[in-house]
Amino acid sequence: MTKESASNRHKASQNGALQDKEKKKKVGLGKKVTLLRGIAMIIGTIIGAGIFISPKGILKYSGSTGMSLIVWIACGVLSLFGALSYAELGTCIKKSGGHYTYIMEAFGPQMAFIRLWSDLIAIRPAGMAVITLAFGQYVLEPLFMPCGIPPIAVKLTAAIGITSVMYLNSMSVTWTTRIQIFLTFSKLLAIAIIIVPGMYQLFKGETSNFESAFELKDIQLSGMPLAFYSGMYAYAGWFYLNFVTEEVERPERTVPLAICISMGIVTSCYVLTNVAYYTVMTAEELLASEAVAVTFAEKLLGNFSIAVPVFVALSCYGSMNGCLFALSRMFYVASREGQLPEVLSMVHVRRHTPLAAVLIMYPMTILLLFVSDLYSLLNLMSFLRWLFIGIVVLGLIYMRYTKPNLPRPFKVPLFIPVVFSLTCFFMVFLSLYSDPINTGIGFAISLTGIPAYYVFIYVSDRPKWLQRALDSFNRTLQIIMEVVPAEE
């Protein structure tokens, strides 16, 4: 071998090494969501404070112990139908963004923007604020027992909690997902602390509360739709992995597998937790309790009951973390589609996180923390969740006919999306019937997305002063946040 050829080979190897180094430094989000992290995201987001605090809504509207357990199982199956439908969408449309992306693909940009607008101005900040307030309440409860907690202390603690979640999501995708795994195991441990003693009592023969579990005189058929509404709300969150599809390793395998495993675990935990509650409490005691898990622990676990609020707080923190991680990707994708400011689709040069998309909800969430009556705002908007999820699954059915050649590595039987979409639209109809004023107000707020679309998106020839202002806004934030466009 000549010196010249050896030199050329050395240069080629150096160039190859430099190219490999450049590839490693490519600015982007990367594929860091493994199967375990995907399962942790879904379980950690679904299981919030509800199963620990107040599962009595289903019991109240179903009318009997046995029927309430059937509703829990049925809602788990229906949620699995929805999750499987989203699994098909996630494997044939390999873009992040969840609901927004699927509505865009099926029904076009205007419908997608209305969904985005509803999420951005009210639904998501209000939902995040409520979870955050529950976190603040249960972090402080062990410190103030048996006294009441000052409302301002709850709000300040909640503000610290949401700030820490925002900071975590801004700093590292890897650490965000690792902490989500830890918080998910904490939730499952908390549920195990309830299930194991409850099952022990059951096997000891403590079955008196299950006698006459299906007493016909107690069953309220008129309240069953409301019981299902409460149950479906408790299972909500199975769709969040679809918000980060582009960051999932081998999505055609990981997405459906993570969804099926997660829904099996969550449904089992919910049903067994309720069985454990009934071994210790009568239906009347459960309905009278403001925090069912705390009452259960006080009756069965004695002094250890002080740990329950801590587990509830960790559960809320996990929901906050999972929601924010997923929702930031929806805003990221919407910006990439040109429906939000360009800076939201940029990535931090060193952290490789969508910093601007993570922080977009922070001001509104902090504002809503200090505004009363958040729950009524959620009542105004909750029906929109099921309306748009129903539209998404309807879009799956629609694309079966309009895009038959779309690759579908995972395909569900047609009856599954049909049953689920009909369930969603039934719940929407129920909301309109049971609370027409508040539901109508919420619907009207969402419709403000139509003029907003024509003002900000549809008009191609913007006034020069407006375009200059938008360009200046994007440049300023890009410099402050040290973000750049992601490399494909």
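Things worth noting here:
- Among the residues making up the stretch 395-418, those that are aliphatic (A, V, I, L, M), in contact (Cβ under 8 Å) with a residue 60 or more places away in the chain and crowded, with 16+ Cβ neighbours inside 10 Å are L396, M399, V412, I416.
- Flag for T101 being closer than 29 Å to A334 by Cα and surrounded by 24 or more Cβ atoms within 10 Å (Cβ to Cβ): yes
- Residue tally, condition over 22 Å from P413 (Cα atoms) and open to solvent by less than 10 Å² (accessible area, probe 1.4 Å), over the stretch 73-98: 2
- Exactly one residue out of E252, E284 is without any contact (Cβ under 8 Å) to a residue 40 or more places away in the chain and open to solvent by 40 Å² or more (accessible area, probe 1.4 Å), and it is E284.
- Condition met for A40 (under 19 Å from the mean Cα position of the chain (by Cα), crowded, with 24+ Cβ neighbours inside 10 Å and at negative phi): yes
- E487 meets the conditions (1) assigned to a loop (DSSP other than H, G, I, E, B); (2) farther than 30 Å from V349 by Cα in every case but one. The failed one is (2).
- Among the candidates V275, V294, V312, V271, the residue that is open to solvent by less than 10 Å² (accessible area, probe 1.4 Å), β-branched (V, I, T) and assigned to a helix (DSSP H, G or I) is uniquely V312.
The values are calculated or read from the model by the stated rules, or taken from the named source; none is laboratory data. Bear in mind the structure is a predicted one, so any value in this text is a computation, not a measurement. No Cβ is skipped: glycine too gets one built from the backbone with ideal geometry, and neighbour counts run over all protein chains shown. Surface areas here come from the heavy atoms of the whole protein model, side chains and all, with no ligands, DNA or RNA. Shrake-Rupley method; radii C 1.70, N 1.55, O 1.52, S 1.80 Å.
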